[in-house]
1. Picking from B:143, B:147, B:174, which residue would you name as being more than 14 Å from chain A (Cβ to nearest Cβ) and either at pLDDT below 95 or under 26 Å from the mean Cα position of the chain (by Cα) (or both)?
2. Considering only residues of the range B:12-34 that are under 24 Å from residue B:147 (Cβ atoms) and of a type in the set (D, E, K, R), which is nearest to ligand 1 (Cβ to nearest atom)?
3. Would you mind stating whether residue A:31 is part of a helix (DSSP H, G or I) and in the same structural domain as residue A:222 (by TED's automatic domain parsing)?
4. Looking at (1) outside the structural domain of residue A:200 (by TED's automatic domain parsing); (2) in contact with a Pro (Cβ under 8 Å, 6 or more places away or on another chain); (3) in contact (Cβ under 8 Å) with a residue 24 or more places away in the chain, can you tell me which one residue A:170 breaks?
5. Select, from B:91, B:54, B:111, the only residue that is more than 19 Å from residue B:214 (Cα to Cα), away from ligand 2 (no atom under 15 Å from the Cβ), out of contact with any Phe, Trp or Tyr (no Cβ under 9 Å at 6 or more places or on another chain) and in the same structural domain as residue B:161 (by TED's automatic domain parsing).
6. Within the range A:148-189, count every residue that is farther than 30 Å from residue A:215 by Cα and hydrophobic (A, V, I, L, M, F, W, C).
7. Checking the condition surrounded by 22 or more Cβ atoms within 10 Å (Cβ to Cβ), within 14 Å of chain A (Cβ to nearest Cβ) and either within 30 Å of residue B:165 (Cα to Cα) or more than 14 Å from ligand 2 (Cβ to nearest atom) (or both), which residue from B:96, B:4, B:22 passes?
8. Which of the residues belonging to the range B:165-198 are within 16 Å of ligand 2 (Cβ to nearest atom) and in a helix (DSSP H, G or I)?
Amino acid sequence: MNARYLPYLLILPVTLFLCLFFLYPFILVAQQAFSVDGGWSLKNFEDVIGYWKFPISFQNTMLLAAAVVPVQLALALLMATMVNRMKKGRDLILYVWTIPLGISDLAAGIIWLAIFEQSGFLNSMMQAVGAIDRPTNFLSYQNPGIVFLAIALAEIWRATAIMLVILVAGIGLIPKEYYEAAEVFGASPWKRFTRVTLPLLRPSLQTALVLRVILAFEIFAVVAALGGTLFPVLMGETYAYQFDLLNNGAAAAMALIILAISIAFTLIIMRALRVPKGATI
Amino acid sequence: MAVIEIKNVAKRFGEYQALHDINLTIADQEFMVLLGASGCGKSTLLRIIAGLETATEGEVWIGGKRIDHLPPKDRGIAMVFQNYAVFPHLTVFENIGFGLRMQKLPNDEVTRRVERTAGLMHIDQLLKRYSGELSGGQRQRVAVARALAMEPDVILMDEPLSNLDALLRMEMRAELKGVLAESNTTAIYVTHDQVEAMSMADRISVMHEGRIVQAASPIDVYRDPAERFVAGFIGNPPMNFLDATPQGAGQFLVAGQSFAGPSANKPLEFAIRPEDMTLSETGLTATAKVVEPLGAHLLVTCEVEGKLFRAVLDSDLRVSMGDTLTLAPMQDRIRWFDPDTQIAVK
Ligand SMILES: Nc1ncnc2c1ncn2[C@@H]1O[C@H](COP(=O)(O)OP(=O)(O)O)[C@@H](O)[C@H]1O
Ligand SMILES: [Mg+2]
């Protein structure tokens, strides 16, 4: 067997599998999105973008991502740095912090609903300390800020750990000697973080951010549980086209729009965090 | 003036005592080498001086100021690490200038100092490169330049050449010594390589199991080992040892031969360097076991009274395995050790 072809032969099964179950359905979806009554058309896109709910669901999705991802990034960095310094109990802490990862997004939404709803913990607690007289419905159209906050909190609680896991692995790979050198040459702890940790963590930051941002654009179940129709997002609209309005073409067009946004942000993140040419990290 | 004084420094890692009561004074601009086998505590001592480790007991003074409570950056030191620790995400220029940037020096001053030290270390052509594009030797030069650029009072080096190949190591040894002599800094240099220590040091501190057993000039360490450990550690091959029985009046019987020795009237150990013997009519009777012609000289491994005994002889001599040799030690090169205390007896 020619050793030059062996690697290709070995990845062939996976490639075939992906073509069959990913590429082929993707092409079907694309076809659906770009065709109306059997003919090639942009009408599906014009329809979904022109619909009055599109701008608001686009804006909501973006706002949520803009609010959630930076907080998660900061939290994950802080937690990863802390875990990395730990000698004992490191694994235990890591397990505890990653528990939310094992909970489905819908379940996470329901957990936070139990906190925020009219008969929830928050109401009972505030009533107990005398902050409010009677239970109020925080998650109503009168309190859009609280709805947003509840969704953001649930997302932060649920999905920070995915970044944490990636960053902990990345930080663990940075040799201790770099920190000692930085310390000897006068870098304060903060400077060591910004001048050593962050640049050397770039590959992990890329992965974590791309993954997290893509997931943020696909947010659905948490919003459905906490906001219902009060807070439309892109993925929720896609769901509505497909299953409530039974409009396959429009749903396919929405899916492609979300994909395009994801690809655009992936490219931006990769570019922003690229390693300078020649530097090996 | 950067005299370094290490006073009663001890270090424990949990139960394990890595350093015992270290006392050492290093003169201004002296090149001090800490020499010892792996695990004897050299790096720990260096890191305590650097401030990367805290001593369990004792004090460290630099330039008449107690510094062991200060962070590394306030100690007037710079360090060269064993694995270089050249930052991979910064260019050579920014690596050398790293410490200067941390001190917030103006740009033109940073440029001036980086270019000067890069010139000293012959890496001025590489300033725009990244560490990944450098060879081990070049990375080493960057690490030294980064330390020199700080214009420190004291420069600390932890086995800086140990990752280089033999030829490069020899070249860098001479170069490093030259550069450091010109920079007027006090240097502490850690190595386990005795050739490196002998060739570079003004003074060597031989360390053994967390203690300094001798601190003296290379030639004194070689000629007059303070302890049996030093005699057996320094020199390649190291000193030979034989049991000596007192015969009174400063005479000792060694392998059937009588030698003048110290006045102590107790059994001692007789020690002689392999090259301090000649073939002669009278002397120690040795049986050649292995003969190794090394070009410059002949290394003969023998047995004397059933003990391993090496002699370095003239390469013109014809010696074969199994020959009986009579080796005459040079009287003024004979050393004596007390087998109970392991300390040299005069
Ligand atoms: N951080 C540490 N924790 C526990 N033991 C250590 C630590 N650092 C060094 N030691 C121990 O102290 C001893 C001396 O180490 P070191 O100073 O690195 O030796 P050397 O540099 O001479 O090879 C070794 O036995 C080592 O295992
Ligand atoms: Mg060491």
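The values are calculated or read from the model by the stated rules, or taken from the named source; none is laboratory data. What you see is a predicted model, and the numbers here were worked out from it, not measured in a lab. Because the Cβ atoms are built from the backbone with ideal geometry, glycine has one as well, and the counts that use them run over all protein chains shown.
1. After ruling out the rest, the residue left standing is B:174.
2. Only one residue tops the list, namely B:30.
3. No: the conditions fail for residue A:31.
4. Unmet condition: (1).
5. Selected residue: B:54, the only one of B:91, B:54, B:111 that is more than 19 Å from residue B:214 (Cα to Cα), away from ligand 2 (no atom under 15 Å from the Cβ), out of contact with any Phe, Trp or Tyr (no Cβ under 9 Å at 6 or more places or on another chain) and in the same structural domain as residue B:161 (by TED's automatic domain parsing).
6. Of the residues in that region, 5 qualify.
7. So the residue among B:96, B:4, B:22 that is surrounded by 22 or more Cβ atoms within 10 Å (Cβ to Cβ), within 14 Å of chain A (Cβ to nearest Cβ) and either within 30 Å of residue B:165 (Cα to Cα) or more than 14 Å from ligand 2 (Cβ to nearest atom) (or both) is B:96.
8. Correct list: B:194, B:196, B:197.
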